[in-house]
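In what follows, a structure is listed as structure tokens, so that the remarks can point back to it.
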Amino acid sequence: MTKATYREAVRAGLREALLGDPRVFLMGEDVGRYGGAYACSRGLLEEFGPERIRDTPLSESAFVGAGIGAALGGMRPIVEVMTVNFSLLALDQIVNNAATIRHMSGGQFSVPLVVRMATGGGRQVAAQHSHSLEGWYAHIPGIKVVTPATVTDAKGMLLAALKEPDPVFIFEHAYLYPTEGELDESAMVDLTRAAVRRSGRDVSIVTFGGSLWKALEAADRLAGQNIDAEVLDLRSLRPLDTSTILASVAKTHRAVVVDEGWRTGSFAAEVSAQIMEGGFYDLDGPVARVCSAEVPIPYPKHLEDAALPNVAAIVQAVRQLVKSRG
Amino acid sequence: MSLEIDRTKALDLLRQMLRIRRFEEKAAELYSLGKIRGFLHLYIGEEAVAVGAMQAFTQEDALVATYREHGQALLRGTPAGTLMAELYGKANGCARGRGGSMHFFDASRRFYGGMAIVGGGLPVAVGLALADKLQGKTRLTACFFGDGAVAEGEFHESLNLAALWKLPVLFLCENNRYAMGTALARHQAQPDVTLKAQAEGVAAEAVDGMDVLAVEKATKRAAESVRGGNGPYLLEYRTYRFRAHSMYDAELYRTKEEVEQWKQRDPIVIFEGQLREWKCLTSEDLAAMEAAIAAEIAAAVAEAEAGPWEPVEDLTKDVYTSEQF
């Protein structure tokens, strides 16, 4: 175990991938000379050269599509899109090509493409750089959607994604890049299973990505109020590890889903529906959701804080639910 | 005028154009019988483009085409029966029946679709060419698209990226003058496609798309330039679609006279006339050619008719490569 920031963990993953497989290359906006908008690829251009660390024009559709083509052509591209909001300019390639080609061609082609992007709010960069749209992406069959929340996952899920024969979309919460954690180099990191990050018996807080740390902090506060919360990190939104969610709910009988997406049509709604369908009779109360307020994320800190899920709101939602226990 | 190419080659070009036309005439007939559903975009009138262009490629080269791709797939060598079965939606089709008319795929022939989002194939073609360049391969990627695609951002983004990185990709614009029903000059302030390409740093020229020999010559020259490591090249084939955009098109946007005028330049009729003039085609040759094509298409229809439907249990097969999802 070594200490590393999330950004260092991503960089270590990129480096290991580039060293380990000549088919791997990185392309995206400012990944080369600038070193990456979030400094994840700093130093890689110098080490691996411009053929493998490719700065692209601001042409999201073309370079994501080129990633699809390069994957079809035998390479293992890693495409960095600066933020999830920018990825909307590449939705045609993602939804119409990356996700469909395997099935639509009758199984003739695989698209082993990895796309990384920053997601989420909390940095006062307003409504065109702060949204959490990974739940949208999780709607699409044909791609895989993962949300590493720890430094071990930040590195390990990237390396695991590169072993996949199908497109994997990695959502890195922008707030996490400077945060530090224990990097477990020996961990076997998969792309499919949810992880219990804190064991508890009174309530299951189900979350992913940047919200994990808010959920863990909420669980600590709740512990002081004699409420023992279990915290589940989904890690992967598609495929969704429903059985781990249901096992947790079967134990705690209560669930609060925390999702930085907007409440309406949120990924939290999907988790809630899965619990209704598979764990209804285990529940002692309705599934609760803590999501973002239904507004474009505003710039001033007090408004942004009010718009995003926060520790107090999670604590309150849990207390509300647990109040009814007999 | 004298014969510019040998007789065998000339007859083959004619045969290929006729083969595409007869295949599609049969497809239109089967459509009205309800054997084929969904969208069916016919290439009739544009055959000289695919036939001329495809002479420039080897089986090593990659191909990306559009939803009007029956001709390219036939020329690539995917058997007519496999393609007809795909039109039927049968499991013996070239995409197990899952794509239909708009989504022909053939991995064994490096045929990457069958892309039905206008402009959506261009970035993929750029990526295929990038993969070749990074792997030190000398083959090229040919990407067909229509005049409608030049309005898409993906067209400009892709040309720029290919030129910037000097990628071995050949952009082939089948300009049939209409983006579905909107004439090029009605949606583009600059309707000259070659100028747009040049503005992106891509060498470009326009060719008479109704003249199979001119198409072949220009495409071979452009392909040679691309293979020589000079970066991408764009050809604009000026052509015309004789039939409706798809099977549901009242053709309110063009006059019958205009269509009739273009039909005077039918690439098959014209080439046939040239061959007769050059004394390398007799009525017997033509009859034999037609008979062989008719037999091939009859066999293709029989293959499609006899083909099985994909079992419903396989509906979710191949959403992912590994089956555990």
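Read-outs: derived from the displayed coordinates by stated rules, not from any lab. Small disclaimer: the values here were computed from a predicted structure and weren't measured. Neighbour counts run over all protein chains shown; Cβ positions are idealised from the backbone, glycine included.
Reported to the nearest whole Å, the Cα centre-to-centre distance from the stretch A:1-58 to the stretch A:275-326 is 36. About its Cα centre, the dipole of the stretch A:195-322 is roughly 140 debye, where the only charges are +1 on Lys and Arg Cβ and -1 on Asp and Glu Cβ.
Between A:Ala312 and A:Met276, the contour length at 0.36 nm per residue exceeds the alpha carbon distance by 10.4 nm.
Dividing the Cα radius of gyration of the protein assembly as shown by 2.2 N^0.38 Å, with N the residue count, gives 1.09. Using a/c under 1.5 as the rounded threshold, could you call chain B rounded, prolate or oblate? The axes a ≥ b ≥ c are square roots of the C-alpha gyration tensor eigenvalues, and prolate needs a/b larger than b/c, oblate otherwise. Rounded is the answer for chain B, as its axis ratio a/c remains below 1.5.
Calculate, for A:Ala195 and B:Phe39, the FRET efficiency according to 1/(1 + (r/R0)^6) with r their C-beta to C-beta distance and R0 30 Å; round to the nearest 0.05. Once the sixth-power term is evaluated, E becomes 0.05. For peptide B:115-123, the mean count of partner chain Cβ atoms within 10 Å of a residue's Cβ comes to 5. Distance from the Cα centroid of the stretch A:74-119 to that of the stretch B:7-62 is 31 Å (rounded to whole angstrom). Note on chain A: with a GNM built from Cα contacts shorter than 10 Å, the maximum mean-square fluctuation among A:Ile297, A:Ile140, A:Ile314 falls on A:Ile140. Among the helices of chain B, those built from whole DSSP H runs whose Cα atoms reach 24 Å or more along their own axis and whose mean Kyte-Doolittle hydropathy is at least 0.5 are B:283-306. Working from label points 7 Å from Cα in the Cα-to-Cβ sense, the A:Tyr299 to B:Glu205 distance is 5.4 nm. Highest mobility in the GNM of chain A, judged by mean-square fluctuation with C-alpha springs under 10 Å and restricted to A:Ala118, A:Ala149, A:Ala39, is found for A:Ala39.
Need one word for the stretch B:195-325: rounded, prolate or oblate. Basis is the Cα gyration tensor (sqrt eigenvalues a ≥ b ≥ c); a/c below 1.5 gives rounded, then a/b vs b/c decides. It is oblate, given that a/c is not under 1.5 and a/b is not larger than b/c.
Considering only Cα-Cα distances, which of the following residue pairs are longer than 32 Å: B:Lys196/B:Lys220; A:Lys214/A:Lys323; B:Lys137/B:Lys279? Beyond 32 Å: B:Lys137/B:Lys279. Direction-averaged projected area, Cα convex hull, chain A: 16.4 nm², rounded to one decimal. Here the stretch A:2-183 is treated as a sphere whose radius is the Kirkwood value from Cα pairs; by Stokes-Einstein at 25 °C and 0.890 mPa s it diffuses with a coefficient of 153 µm²/s.
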